[in-house]
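The values are calculated or read from the model by the stated rules, or taken from the named source; none is laboratory data. The structure displayed is predicted, hence computed values, not measured ones. Quick reminder, even Gly has a Cβ in these numbers, built from the backbone with ideal geometry, and neighbours come from all protein chains shown. Ligands, DNA and RNA are stripped out before the accessible areas are found, and what is left, the full protein with its side chains, is counted by its heavy atoms. Shrake-Rupley method; radii C 1.70, N 1.55, O 1.52, S 1.80 Å.
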Amino acid sequence: MTMSERRSILLAAVALFVLTALSWGLAHAELGRSETLVALAIAAVKASVVAITFMEIGRAALGPRIVGIVTLSFIGLLCLGLSADVSLR
Amino acid sequence: MTPEDIYRDRATRDHALRFGMWIFLGSETLLFAGLFGLYTAYRAQYPAEFSAAIQHNTEWIGSINTLVLITSSVFVAIAVHAIRGDNRRLCLGALGAAMTLGLVFLGLKAFEYAQHFAEGIAPGHHYTSLELPSLGANRFFTIYYAMTALHALHVIAGLAILAWLARRVARRRTTAAHHVGLELGGLYWHLVDIVWIFLWPLLYLTA
(Lines give C-alpha, C1' and ligand atoms only; values in the text may rest on other atoms or scores of the structure.)
Protein backbone atom coordinates (compact mmCIF):
# COMPACT_ATOMS: atom_id res chain seq x y z
CA MET A 1 0.00 0.00 0.00
CA THR A 2 1.49 3.33 -1.01
CA MET A 3 1.62 6.38 1.28
CA SER A 4 -0.93 8.11 -0.92
CA GLU A 5 -3.35 5.17 -0.61
CA ARG A 6 -2.89 5.05 3.16
CA ARG A 7 -3.54 8.76 3.41
CA SER A 8 -6.71 8.62 1.33
CA ILE A 9 -8.13 5.70 3.35
CA LEU A 10 -7.25 7.44 6.62
CA LEU A 11 -8.79 10.74 5.50
CA ALA A 12 -11.93 8.97 4.35
CA ALA A 13 -12.21 7.11 7.67
CA VAL A 14 -11.79 10.32 9.66
CA ALA A 15 -14.36 12.08 7.47
CA LEU A 16 -16.85 9.26 7.97
CA PHE A 17 -16.43 9.26 11.75
CA VAL A 18 -16.67 13.06 11.95
CA LEU A 19 -19.81 13.07 9.80
CA THR A 20 -21.30 10.29 11.93
CA ALA A 21 -20.66 12.34 15.07
CA LEU A 22 -22.16 15.39 13.34
CA SER A 23 -25.26 13.39 12.43
CA TRP A 24 -25.68 12.24 16.01
CA GLY A 25 -25.05 15.73 17.39
CA LEU A 26 -27.48 17.45 15.06
CA ALA A 27 -30.13 14.84 15.81
CA HIS A 28 -30.08 16.06 19.40
CA ALA A 29 -29.98 19.73 18.47
CA GLU A 30 -33.72 20.28 17.94
CA LEU A 31 -33.54 21.41 14.32
CA GLY A 32 -37.25 20.98 13.85
CA ARG A 33 -38.60 20.11 10.43
CA SER A 34 -35.22 20.33 8.68
CA GLU A 35 -33.75 17.59 10.89
CA THR A 36 -34.54 14.77 8.47
CA LEU A 37 -33.27 16.66 5.43
CA VAL A 38 -30.03 17.54 7.20
CA ALA A 39 -29.58 13.93 8.33
CA LEU A 40 -30.15 12.63 4.80
CA ALA A 41 -27.78 15.22 3.35
CA ILE A 42 -25.03 14.10 5.74
CA ALA A 43 -25.80 10.46 4.85
CA ALA A 44 -25.47 11.33 1.15
CA VAL A 45 -22.06 12.91 1.79
CA LYS A 46 -20.94 9.81 3.73
CA ALA A 47 -22.19 7.53 0.96
CA SER A 48 -20.26 9.63 -1.57
CA VAL A 49 -17.08 9.29 0.49
CA VAL A 50 -17.50 5.50 0.53
CA ALA A 51 -18.35 5.37 -3.18
CA ILE A 52 -15.48 7.58 -4.30
CA THR A 53 -12.71 6.50 -1.91
CA PHE A 54 -13.49 2.85 -1.12
CA MET A 55 -15.48 1.77 -4.18
CA GLU A 56 -13.31 3.94 -6.47
CA ILE A 57 -16.23 4.78 -8.73
CA GLY A 58 -14.32 7.80 -10.01
CA ARG A 59 -11.65 5.50 -11.40
CA ALA A 60 -14.11 2.94 -12.76
CA ALA A 61 -14.74 2.45 -16.46
CA LEU A 62 -17.57 4.26 -18.23
CA GLY A 63 -20.01 1.34 -17.85
CA PRO A 64 -20.09 1.25 -14.03
CA ARG A 65 -20.39 5.03 -13.88
CA ILE A 66 -23.38 4.90 -16.24
CA VAL A 67 -24.90 2.24 -13.98
CA GLY A 68 -24.44 4.60 -11.03
CA ILE A 69 -26.06 7.50 -12.89
CA VAL A 70 -29.00 5.36 -14.04
CA THR A 71 -29.52 4.01 -10.52
CA LEU A 72 -29.52 7.49 -9.02
CA SER A 73 -31.89 8.67 -11.77
CA PHE A 74 -34.37 5.91 -10.94
CA ILE A 75 -34.14 6.83 -7.26
CA GLY A 76 -34.80 10.43 -8.24
CA LEU A 77 -37.88 9.33 -10.18
CA LEU A 78 -39.05 7.32 -7.18
CA CYS A 79 -38.64 10.36 -4.94
CA LEU A 80 -40.58 12.54 -7.40
CA GLY A 81 -43.41 10.05 -7.55
CA LEU A 82 -43.52 9.73 -3.78
CA SER A 83 -43.52 13.48 -3.28
CA ALA A 84 -46.39 13.84 -5.74
CA ASP A 85 -48.34 11.06 -4.06
CA VAL A 86 -47.84 12.40 -0.56
CA SER A 87 -48.51 16.03 -1.43
CA LEU A 88 -51.70 15.27 -3.37
CA ARG A 89 -53.33 13.26 -0.60
CA MET B 1 -17.05 -23.23 -22.57
CA THR B 2 -14.43 -21.58 -20.37
CA PRO B 3 -13.84 -17.88 -19.71
CA GLU B 4 -10.83 -18.14 -22.03
CA ASP B 5 -13.21 -19.03 -24.88
CA ILE B 6 -15.37 -15.96 -24.23
CA TYR B 7 -12.88 -13.23 -23.41
CA ARG B 8 -9.86 -12.43 -25.51
CA ASP B 9 -7.74 -11.71 -22.44
CA ARG B 10 -7.89 -11.39 -18.66
CA ALA B 11 -8.24 -7.61 -18.75
CA THR B 12 -11.42 -7.92 -20.83
CA ARG B 13 -12.75 -10.58 -18.47
CA ASP B 14 -12.02 -8.43 -15.40
CA HIS B 15 -13.73 -5.45 -17.05
CA ALA B 16 -16.83 -7.57 -17.70
CA LEU B 17 -16.82 -8.86 -14.12
CA ARG B 18 -16.60 -5.34 -12.68
CA PHE B 19 -19.39 -4.13 -14.96
CA GLY B 20 -21.57 -7.07 -13.96
CA MET B 21 -20.98 -6.39 -10.28
CA TRP B 22 -21.90 -2.73 -10.65
CA ILE B 23 -25.13 -3.71 -12.42
CA PHE B 24 -25.90 -6.08 -9.53
CA LEU B 25 -25.15 -3.32 -7.00
CA GLY B 26 -27.45 -0.99 -8.92
CA SER B 27 -30.26 -3.54 -8.71
CA GLU B 28 -29.65 -4.03 -4.97
CA THR B 29 -29.77 -0.27 -4.47
CA LEU B 30 -33.15 -0.10 -6.21
CA LEU B 31 -34.40 -2.98 -4.05
CA PHE B 32 -33.65 -0.98 -0.92
CA ALA B 33 -34.88 2.24 -2.54
CA GLY B 34 -38.34 0.68 -2.80
CA LEU B 35 -38.34 0.01 0.94
CA PHE B 36 -37.09 3.51 1.67
CA GLY B 37 -39.96 4.76 -0.49
CA LEU B 38 -42.45 2.73 1.54
CA TYR B 39 -40.94 4.12 4.74
CA THR B 40 -41.35 7.66 3.39
CA ALA B 41 -44.98 7.11 2.46
CA TYR B 42 -45.81 5.66 5.88
CA ARG B 43 -43.92 8.42 7.66
CA ALA B 44 -45.90 11.05 5.75
CA GLN B 45 -49.08 9.29 6.85
CA TYR B 46 -48.15 8.81 10.53
CA PRO B 47 -45.63 11.55 11.40
CA ALA B 48 -46.28 11.72 15.14
CA GLU B 49 -46.40 7.94 15.58
CA PHE B 50 -43.16 7.51 13.64
CA SER B 51 -41.53 10.17 15.78
CA ALA B 52 -42.57 8.39 18.97
CA ALA B 53 -41.44 5.02 17.62
CA ILE B 54 -38.04 6.39 16.55
CA GLN B 55 -37.55 7.86 20.01
CA HIS B 56 -38.36 4.47 21.49
CA ASN B 57 -35.85 2.70 19.27
CA THR B 58 -32.49 1.74 20.75
CA GLU B 59 -30.32 4.60 19.55
CA TRP B 60 -27.11 3.41 21.18
CA ILE B 61 -27.26 0.06 19.38
CA GLY B 62 -27.95 1.70 16.02
CA SER B 63 -25.13 4.21 16.56
CA ILE B 64 -22.56 1.62 17.61
CA ASN B 65 -23.57 -0.51 14.64
CA THR B 66 -22.97 2.48 12.37
CA LEU B 67 -19.43 2.87 13.69
CA VAL B 68 -18.92 -0.90 13.43
CA LEU B 69 -19.93 -1.06 9.78
CA ILE B 70 -17.97 2.04 8.78
CA THR B 71 -14.86 0.58 10.42
CA SER B 72 -15.39 -2.76 8.70
CA SER B 73 -15.64 -0.92 5.37
CA VAL B 74 -12.32 0.77 6.13
CA PHE B 75 -10.74 -2.62 6.76
CA VAL B 76 -12.10 -4.04 3.50
CA ALA B 77 -10.62 -1.06 1.63
CA ILE B 78 -7.30 -1.73 3.38
CA ALA B 79 -7.52 -5.42 2.37
CA VAL B 80 -7.96 -4.54 -1.32
CA HIS B 81 -5.07 -2.08 -1.31
CA ALA B 82 -2.94 -4.57 0.61
CA ILE B 83 -3.36 -7.35 -1.97
CA ARG B 84 -2.59 -4.88 -4.76
CA GLY B 85 0.71 -4.23 -2.98
CA ASP B 86 1.22 -8.01 -2.61
CA ASN B 87 0.93 -7.75 1.18
CA ARG B 88 -0.95 -11.02 1.84
CA ARG B 89 -0.59 -10.84 5.61
CA LEU B 90 -2.07 -7.35 5.87
CA CYS B 91 -4.86 -8.36 3.49
CA LEU B 92 -5.79 -11.39 5.59
CA GLY B 93 -5.62 -9.39 8.81
CA ALA B 94 -7.83 -6.67 7.40
CA LEU B 95 -10.37 -9.19 6.08
CA GLY B 96 -10.39 -10.90 9.48
CA ALA B 97 -11.04 -7.60 11.21
CA ALA B 98 -13.83 -6.74 8.76
CA MET B 99 -15.51 -10.11 9.32
CA THR B 100 -15.21 -9.82 13.09
CA LEU B 101 -16.89 -6.43 12.96
CA GLY B 102 -19.60 -7.88 10.73
CA LEU B 103 -20.29 -10.52 13.37
CA VAL B 104 -20.39 -7.81 16.05
CA PHE B 105 -22.99 -5.98 13.96
CA LEU B 106 -25.16 -9.09 13.69
CA GLY B 107 -24.76 -9.83 17.40
CA LEU B 108 -25.95 -6.35 18.36
CA LYS B 109 -28.83 -6.63 15.90
CA ALA B 110 -29.91 -9.94 17.40
CA PHE B 111 -29.74 -8.44 20.91
CA GLU B 112 -31.81 -5.49 19.72
CA TYR B 113 -34.43 -7.75 18.14
CA ALA B 114 -34.62 -9.79 21.35
CA GLN B 115 -35.23 -6.61 23.34
CA HIS B 116 -37.98 -5.54 20.95
CA PHE B 117 -39.68 -8.95 21.04
CA ALA B 118 -39.64 -8.85 24.84
CA GLU B 119 -41.58 -5.57 24.65
CA GLY B 120 -44.15 -7.01 22.25
CA ILE B 121 -42.64 -5.12 19.32
CA ALA B 122 -42.91 -7.58 16.45
CA PRO B 123 -43.82 -7.14 12.79
CA GLY B 124 -47.35 -6.92 11.44
CA HIS B 125 -50.13 -8.78 13.25
CA HIS B 126 -47.74 -9.98 15.96
CA TYR B 127 -47.30 -6.43 17.28
CA THR B 128 -48.56 -6.24 20.89
CA SER B 129 -46.69 -3.27 22.36
CA LEU B 130 -48.67 -1.53 25.10
CA GLU B 131 -46.27 1.42 25.27
CA LEU B 132 -46.77 2.29 21.58
CA PRO B 133 -50.15 0.79 20.69
CA SER B 134 -50.91 2.96 17.63
CA LEU B 135 -51.24 1.66 14.09
CA GLY B 136 -48.56 4.14 13.03
CA ALA B 137 -46.04 2.67 15.48
CA ASN B 138 -46.96 -0.79 14.21
CA ARG B 139 -46.28 0.41 10.66
CA PHE B 140 -42.94 1.88 11.72
CA PHE B 141 -41.70 -1.26 13.38
CA THR B 142 -42.97 -3.49 10.57
CA ILE B 143 -41.02 -1.51 7.99
CA TYR B 144 -38.13 -1.35 10.48
CA TYR B 145 -38.02 -5.15 10.65
CA ALA B 146 -38.36 -5.48 6.85
CA MET B 147 -35.50 -3.08 6.17
CA THR B 148 -33.12 -4.18 8.90
CA ALA B 149 -33.76 -7.91 8.39
CA LEU B 150 -33.14 -7.58 4.64
CA HIS B 151 -30.00 -5.61 5.44
CA ALA B 152 -28.89 -8.25 7.96
CA LEU B 153 -29.35 -10.96 5.31
CA HIS B 154 -27.05 -8.94 3.07
CA VAL B 155 -24.51 -8.70 5.92
CA ILE B 156 -24.63 -12.48 6.34
CA ALA B 157 -24.10 -12.99 2.62
CA GLY B 158 -21.28 -10.44 2.73
CA LEU B 159 -19.60 -12.31 5.57
CA ALA B 160 -19.77 -15.55 3.59
CA ILE B 161 -18.23 -13.78 0.59
CA LEU B 162 -15.44 -12.23 2.69
CA ALA B 163 -14.69 -15.61 4.28
CA TRP B 164 -14.46 -17.25 0.87
CA LEU B 165 -12.21 -14.45 -0.39
CA ALA B 166 -9.97 -14.71 2.68
CA ARG B 167 -9.59 -18.44 1.97
CA ARG B 168 -8.57 -17.66 -1.59
CA VAL B 169 -6.01 -15.12 -0.38
CA ALA B 170 -4.66 -17.63 2.17
CA ARG B 171 -4.30 -20.27 -0.57
CA ARG B 172 -2.57 -17.73 -2.85
CA ARG B 173 -5.33 -18.02 -5.44
CA THR B 174 -5.94 -14.30 -5.05
CA THR B 175 -2.74 -12.39 -5.64
CA ALA B 176 -1.46 -8.97 -6.57
CA ALA B 177 -1.71 -9.98 -10.23
CA HIS B 178 -5.21 -11.53 -9.98
CA HIS B 179 -7.49 -10.01 -7.35
CA VAL B 180 -10.61 -8.81 -9.16
CA GLY B 181 -12.70 -11.17 -6.99
CA LEU B 182 -11.55 -9.38 -3.84
CA GLU B 183 -12.35 -6.02 -5.41
CA LEU B 184 -15.85 -7.20 -6.29
CA GLY B 185 -16.46 -8.62 -2.82
CA GLY B 186 -15.26 -5.33 -1.40
CA LEU B 187 -17.72 -3.41 -3.58
CA TYR B 188 -20.58 -5.52 -2.23
CA TRP B 189 -19.51 -4.93 1.37
CA HIS B 190 -19.26 -1.17 0.83
CA LEU B 191 -22.81 -1.12 -0.55
CA VAL B 192 -24.03 -2.92 2.58
CA ASP B 193 -22.35 -0.13 4.57
CA ILE B 194 -23.94 2.59 2.41
CA VAL B 195 -27.41 1.14 2.94
CA TRP B 196 -26.91 1.24 6.72
CA ILE B 197 -25.61 4.83 6.47
CA PHE B 198 -29.11 5.79 5.31
CA LEU B 199 -30.99 3.38 7.58
CA TRP B 200 -29.40 4.71 10.76
CA PRO B 201 -30.73 8.28 10.71
CA LEU B 202 -34.17 7.29 9.45
CA LEU B 203 -34.72 4.53 11.99
CA TYR B 204 -32.87 5.89 15.03
CA LEU B 205 -32.16 9.63 14.86
CA THR B 206 -34.71 11.73 13.04
CA ALA B 207 -37.56 11.86 15.51
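Might you tell me the accessible area per residue for the protein assembly as shown, computed with a 1.4 Å probe and given in Å²?
49 Å²
Please compute, over every Cα-Cα pair in region A:1-73, the percentage with a separation greater than 20 angstrom.
Summing the P(r) of region A:1-73 above 20 Å gives 44 percent of all pairs.
With the alpha-carbon atoms as the only input, what is the per residue convex hull volume for the protein assembly as shown in Å³?
That works out to 141 Å³ per residue.
Lys/Arg Cβ at +1, Asp/Glu Cβ at -1, dipole of region B:2-133 taken about the Cα centre: which of B:LEU31, B:PRO123, B:SER73 is farthest positive-ward?
B:SER73
Can you pull the accessible area of B:GLU49 for me, 1.4 Å probe, Å² to the nearest 10?
60 Å²
Checking buried surface per residue: for region A:44-62, which residues lose a minimum of 40 Å² accessible area in the protein assembly relative to the chain alone (1.4 Å probe)?
At a threshold of 40 Å² (probe 1.4 Å), the residues of region A:44-62 that become less exposed are A:LYS46, A:ALA47, A:VAL50, A:PHE54, A:MET55, A:GLU56.
With a 1.4 Å probe on protein heavy atoms only, work out how much accessible surface B and A bury together, total over both chains, in Å² to the nearest 100.
So the buried area, both faces added, is about 3400 Å².
Using the Karplus equation 6.51 cos²θ - 1.76 cosθ + 1.60 (θ = phi - 60°), what ³J(HN,Hα) coupling, rounded to whole Hz, does each residue of region A:51-59 give in order, writing x for Gly and Pro?
Couplings: 5, 7, 7, 8, 8, 6, 5, x, 9 Hz.
Can you give me the solvent accessible area of A:ASP85 with a 1.4 Å probe, rounded to the nearest 10 Å²?
Solvent-accessible area, nearest 10 Å²: 70 Å².
Each residue of region B:19-31 in turn: what ³J(HN,Hα) in whole Hz from Karplus with 6.51, -1.76, 1.60 and θ = phi - 60°, glycine and Pro shown as x?
Each residue of region B:19-31 in turn: 4, x, 5, 5, 5, 4, 4, x, 5, 5, 4, 5, 4 Hz.
Expressed in nm to one decimal, what extension gain is obtained for the pair B:ARG89 and B:TYR113 from 0.36 nm per residue of sequence separation less their Cα-Cα distance?
This chain segment gains 5.0 nm when fully extended.
Would you be so kind as to list the residues of region A:64-89 that have their accessible area lowered by at least 20 Å² in the full protein complex compared with their chain by itself (1.4 Å probe)?
A:PRO64, A:VAL67, A:THR71, A:PHE74, A:ILE75, A:LEU78, A:LEU82, A:VAL86, A:ARG89
With only Lys, Arg, Asp and Glu charged, each at its Cβ (+1 for the first two, -1 for the last two), find how big the charge dipole of the protein assembly as shown is about the Cα centre; round to the nearest 20 debye.
1040 debye
Spelling out what I want: for every residue of region A:72-77, take phi, set θ = phi - 60°, compute 6.51 cos²θ - 1.76 cosθ + 1.60 (Karplus), and round to whole Hz; glycine and proline get x.
5, 5, 5, 5, x, 4
For B:HIS190, B:HIS125, B:HIS178, B:HIS56, give the ranking by accessible area with the largest first, probe 1.4 Å.
Output order, biggest surface exposure first: B:HIS125, B:HIS178, B:HIS56, B:HIS190.
Keeping all protein chains in place and using 1.4 angstrom, which order do B:PHE50, B:PHE198 fall into by accessible surface area, from largest down?
Largest accessible area first, the list is B:PHE198, B:PHE50.
If you stretched the chain out fully between A:PHE17 and A:VAL45, how much longer would it get, using 0.36 nm times the residue separation minus the C-alpha to C-alpha distance?
Result: 8.9 nm gained on full extension.
Kindly express, to the nearest 10 degrees and within the range 0 to 90, the angle between helix B:135-170's C-alpha long axis and the longest C-alpha principal axis of chain B.
The two axes meet at around 20 degrees.
State, to one decimal in nm, how far the label point of A:SER83 lies from the label point of B:TRP60, with both points 7 Å from Cα in the Cβ direction.
3.9 nm
As a test question: what accessible area, to the nearest 10 Å², does A:ILE57 have when a 1.4 Å probe is rolled over all protein chains in place?
Taking all protein chains as shown, A:ILE57 has close to 40 Å².
Counting only protein heavy atoms, what percent of the accessible surface of the protein assembly as shown is carbon or sulfur at a 1.4 Å probe?
C and S fraction of accessible area: 67 percent.
If A:GLU30, B:GLU112, B:GLU59 are ordered by their accessible area, calculated over protein heavy atoms with a 1.4 Å probe, which sequence runs from highest to lowest?
Result, largest first: A:GLU30, B:GLU59, B:GLU112.
Evaluate E = 1/(1 + (r/R0)^6) for A:LEU72 and B:ARG8, where r is the Cβ-Cβ distance and R0 equals 30 Å; express this FRET efficiency to the nearest 0.05.
According to the calculation, E is roughly 0.40.
Other chains near B:24-33: what is the mean number of their Cβ atoms within 10 Å of each residue's Cβ?
4
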